[in-house]
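Values quoted throughout were computed directly from the atomic coordinates according to the rules given, and no laboratory measurement underlies them. Keep in mind it's a predicted model, so treat the numbers as computed, not measured. Using ideal geometry, Cβ is built from the backbone for each residue, glycine included, and neighbour counts are taken over all protein chains shown.
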Amino acid sequence: MFFSKLRALLALMEINGAISALVSWPKFSMASFLIISRLKKAKVLPKTVIDVGANVGQFAVAASRLFKEAQIYSIEPDPITAELLRKNTSHESNVSISVVALGESIGEAKFYVNRDSQVSSLLPLGEDRISSFPGSVVERELKVPISTLDTLFLVKELEAPILLKIDVQGFEDRVIRGGEGFLKVVEWVLIEVSFANLYQGERDFQSIQSLLKGNGFEFSRPMNFHTSPLTGEIIEMDALFRRAKTN
């Protein structure tokens, strides 16, 4: 344990700005810090960030601190997790929060709250999540309101360019289908895609890529990877899609 923490600290010391962020941000996530730093290097400089699946604010805080001119809209369905999100972003004047799930319809949905809140989902756990991450246990179920991207943002005046980040544990395709109108004004989509059976009914990378291509986006590059602790294989990727250029 000591040596793993030491290695992590040494890795932080090699990344410009990471140590300062670690000690000064109200919520620091190495993954979010790296992803947004890589986005900036890829010339992704949004004025509006839609943070779908905000959890406790890991991405929201990083976006607020590194995209200083952007307005952040964070969306989190679990009210308990949303309270931690509010606490962690309470000093971020450019972050607003909606406590709702997003999908392709409006109403109510069952939400599976996991011991690890980062993997809570609207879908039941898949066999690869259970076998690779035995600590991922559903502790309770609750009904949450569900809406769509189009309902929340299609008629809202948002400053362009817009980055849409979707990390909803297997429900990504439903979020896309519920936002096909709003997607027309989005420049970039940052989305978590899977190469394993982590959730029942989850769509794989090829399906997500095809769905986004149909909405005018092309795959740009990976921004981060997640590996299986059992095999070391890549099982998830944070993928960047850009609006395709038209001739």
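Before moving on, here are some points about what is shown:
- Note on K40 and E69: the extension gain reaches 9.2 nm, defined as 0.36 nm multiplied by sequence separation minus the Cα-Cα distance.
- Restricting attention to segment 77-222, close to 60% of DSSP beta bridges with both partner residues there are antiparallel.
- Counting DSSP beta bridges with both ends in the chain, the antiparallel % (nearest 5): 55 percent
- All other residues whose Cβ lies under 10 angstrom from that of L122 are scored, Lys and Arg at +1 and Asp and Glu at -1, for a net of +2.
- Proportion of all alpha-carbon pairs of segment 63-170 beyond 17 Å (%): 59 percent
- Value in Å of the Kirkwood radius, where the chain supplies the Cα pairs that are averaged: 18.4 Å
- Sequentially through segment 92-109, phi angles give Karplus couplings (6.51, -1.76, 1.60; θ = phi - 60°) of 9, 5, 9, 10, 10, 10, 10, 9, 6, 8, 10, x, 10, 8, 10, x, 10, 9 Hz, Gly and Pro residues having no value and appearing as x.
- Counting other Cβ atoms within 10 Å as a rough exposure proxy, the listed residues F111, F195 run F195, F111 from fewest neighbours to most.
- Site pair D204 and E157 shows an inter-label distance of 4.6 nm when each label is modelled 7 Å from Cα along Cα→Cβ.
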